[in-house]
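The values are calculated or read from the model by the stated rules, or taken from the named source; none is laboratory data. Note that this is a predicted model, so its numbers are computed, not measured. Cβ sites come from the backbone with ideal geometry, for glycine too, and all protein chains shown count toward neighbours. Calculation scope for accessible area: heavy atoms of the full protein, side chains included, ligands and nucleic acids excluded. Shrake-Rupley method; radii C 1.70, N 1.55, O 1.52, S 1.80 Å.
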Amino acid sequence: MKMRAAVLEQFGEPLSVQEVELAEPRTGEVLVRLAACGVCHTDLYTASGADPSGYAPTVLGHEGAGVVERVGPDVTLLAPGDHVVTLFSPQCGKCIHCLDQRTNLCLAIREQQNKGYLPDGSTRISRDGEPIRHFMGCSTFAEYTVMPEIALAKVSPEAPFEHACLFACGLSTGLGAAINTAVVQPGSTCVIFGAGMVGLGAVAGCRLQGAERIACVDLSPERLELARGQGATDLLLAGEETVEEILAMTDGFGADYTFEATGNVAVMRQAVEAARMGWGLCTVAGVAGKGETLDVVPRLLITGRRIAGSSFGGVKGRDQVPVLIERYLAGEIDLTPFVSHRIGLDEVNRGFELMEAQDGIRSVIEFL
Ligand SMILES: NC(=O)c1ccc[n+]([C@@H]2O[C@H](COP(=O)([O-])OP(=O)(O)OC[C@H]3O[C@@H](n4cnc5c(N)ncnc54)[C@H](O)[C@@H]3O)[C@@H](O)[C@H]2O)c1
Ligand SMILES: [Zn+2]
Ligand SMILES: [Zn+2]
């Protein structure tokens, strides 16, 4: 079938919205009609050419929500009409990692996905016979996509698509960092560095876990106000003195839980230093630049601080994204402030510009 899609042709150039060909879903695959898709930093990172593992041509986008249109042979998990959220982090339910509660890093399709192929090593997207690769296994800057059934979470049809799509990446990452990775205990003190989609999700996650004190650190006063809306009790403008300020707030000890959601390794270090001796846990969600390293004084670890990394918030997507969406539908999370701009697919490059200008938290592409 023909569809419109935003193609990355050349690194550093605007995406080109054009007609491409999409083949039918094969065994274990599903054809999804996209309804909404968030524009994320990772899309821009790849489009810019900064991502060393990037490839082109490809259809970008990975924060999709939509409706199952058709299914290929042997699909058992989904049927036409189901509402779904795309998962760049799939859940096969069978691999050694899926069977273990300690991780969400499914091994089933990683290798092909990283190269831009569906699990059988080929693409469904093409143009005049030339294959176009899939991005993060999703390619949701398009009217339709074909994805493996294990990479789609079936969610409540009551969730508006523009909010459901947020759970495909940053929001679940932040919520899950607090709920799954750190397992924040009721009554504790938390500090979140960064108030973008991920950090704000972590603020909300700490609140849902019953944290008593939730401090948020950011460079932007507007973003700190959004953190207050998600449950932050203390707002700190970021600076050189941030760690001292947090120690002063906590009788000199530091916080029970700290979260890093900026991708800046200097901030990661602050997040470790702001964690409490004895049991403070620093959860790193930000993605650092290639080759950058985290500089930590080992004494901080010997005296009881721990550091954990968190990919997609440790969320096992097919099981847990639907549960998070139920909690949102029950009124536990307010997502209205997160959708700052609604744009059409043709305006996808404007979505990048808004992000670079830090104008709002998320631009969401709506498909008619
Ligand atoms: N682990 C994962 O699975 C996963 C998933 C999605 C995104 N990420 C990563 O998480 C990070 C955050 O993503 P986002 O979408 O929220 O980004 P974002 O750019 O919207 O937010 C980052 C925030 O950090 C703030 N910031 C910058 N420097 C700071 C400093 N010195 N101190 C305090 N705050 C500072 C910025 O003002 C901004 O509000 C990125 O590195 C992204 O790549 C990770
Ligand atoms: Zn994303
Ligand atoms: Zn698996």
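Of note:
- Pairs of Cα atoms nearer than 8 Å and 6+ residues apart set the relative contact order; for the stretch 294-368 it is 24 percent.
- Antiparallel content of DSSP bridges confined to the chain, in %, to 5: 55
- Phi angles of the stretch 114-125 translate, via the Karplus equation with coefficients 6.51, -1.76, 1.60 and θ = phi - 60°, into HN-Hα couplings of 5, 8, x, 10, 6, x, 7, x, 10, 10, 9, 9 Hz per residue; Gly and Pro are given as x.
- Only Lys, Arg (+1) and Asp, Glu (-1) charged, at Cβ; the chain dipole about Cα centre in debye: 980
- Local electrostatic count, Ile343, Cβ distance below 9 Å [Lys/Arg +1, Asp/Glu -1]: -1
- Carbon and sulfur %, accessible surface of the chain computed with the full protein complex present, 1.4 Å: 51
- The stretch 132-174 - Debye-derived log10 I(q)/I(0), Cα point model, q = 0.15, 0.21, 0.25, 0.33 Å⁻¹: -0.44, -0.85, -1.14, -1.28
- Rounded if a/c under 1.5, otherwise prolate or oblate - the stretch 179-271, Cα gyration tensor axes: rounded
- Residues of type aspartates and glutamates that Lys290 reaches as a straight line, Cα spacing below 14 Å, ignoring anything fewer than 8 places off in the same chain: Asp51
- Packing-based ranking, highest mean first, of 271-277, 23-29, 93-99 given that Cβ atoms within 10 Å are counted: 271-277, 23-29, 93-99
- Residue (of Gly252, Gly229, Pro148) at the positive-pole extreme of the stretch 116-254, dipole from beta-carbon charges: Pro148
- Debye, to nearest 20: dipole size of the stretch 90-136, +1 on Lys, Arg Cβ, -1 on Asp, Glu Cβ: 120
- Annotation for the stretch 148-252: chymotrypsin sites (Phe, Trp or Tyr not before Pro) lying in DSSP loop with at most 11 further Cβ atoms inside 10 Å of their Cβ do not exist.
- Accessible surface area normalised per residue over the stretch 145-287 is 34 Å², counting heavy atoms of protein chains with a 1.4 Å rolling probe.
- What the pair-distance distribution of the stretch 8-99 shows, using all Cα-Cα distances binned every 10 Å from zero, is 14, 36, 36, 14, 0 percent.
- For Lys94, the lysines whose Cα falls under 20 Å of its own Cα, not counting residues fewer than eight places away in the same chain, are Lys154, Lys316.
- Ile214 long-range amide H proximity, modeled H, under 5 Å: Cys190, Thr233, Asp234
- The residues neighbouring Leu224, those whose beta-carbon lies less than 10 Å from its own, together hold a net charge of -2 under the Lys/Arg +1, Asp/Glu -1 convention.
- Short-range pairs are left out: with C-alpha atoms under 8 Å and at least six residues apart, the relative contact order of the stretch 1-72 is 41 percent.
- For the stretch 278-368, the set of chymotrypsin sites (Phe, Trp or Tyr not before Pro) satisfying both a DSSP loop assignment and a count of at most 15 other C-beta atoms within 10 Å is given as Trp279.
- Debye intensity ratio I(q)/I(0), log10, the chain, q values 0.07 Å⁻¹ (C-alpha model): -0.29
- The translational diffusion coefficient of the stretch 292-333, from Stokes-Einstein at 10 °C and 1.306 mPa s with a Kirkwood hydrodynamic radius over alpha carbon pairs, comes to 118 µm²/s.
- Per-peptide average of other Cβ atoms within 10 Å, ordering 31-42, 218-229 highest first: 31-42, 218-229
- Measuring nothing but how far apart in sequence close Cα pairs (under 8 Å, 6+ apart) lie, relative to its length, the stretch 168-306 scores a relative contact order of 22 percent.
- Only alpha carbons enter this Debye calculation for the stretch 291-368, each as an equal point scatterer, and the log10 of I(q)/I(0) it gives at q = 0.12, 0.16, 0.24 Å⁻¹ is -0.67, -0.93, -1.07.
- Neighbour net charge for Val75 - beta-carbon separation under 9 angstrom, K R +1, D E -1: -3
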